[in-house]
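The numbers here are math on the coordinates, done by the rules we state, and not lab data. What you are looking at is a predicted structure, and each value in this text was computed from that prediction instead of being measured. Positions of Cβ are backbone-derived with ideal geometry, glycine not excepted, and every protein chain shown enters the neighbour counts.
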Amino acid sequence: MRLRLDNLYYTTDNPNKILELQELGAEIVGGEKTVEKGIKIDKVSNLENLKVDELEKLCDEKGIDRSGATKKAELIELLK
């Protein structure tokens, strides 16, 4: 399912994450399924709008080693 929240687009099939995003005011913009579980950000530029803990979570979901990366800019570079 694809949702939009504050000009960020999220794609997830996790029912708990869908509910969480909807509680924050996200609207459903598409019903396509994802192959991977978890949240995917559609555009790299949207990474700037995320908090450090959200960027860390994305790195973990994608299996990216983030050791040594503590700053927001470093985490964004890892996710590009």
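So the values come out like this:
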item: Simple spin-label estimate for residue 28 and residue 78 in nanometres, 7 Å along Cα-Cβ; result: 3.4 nm
item: Surrounding net charge for residue 60, when Lys and Arg each add one and Asp and Glu each subtract one, Cβ distance under 12 Å; result: -2
item: Unsatisfied cross-links (Cα-Cα over 21 Å) in the set 17/71; 57/80; 51/71; result: 17/71
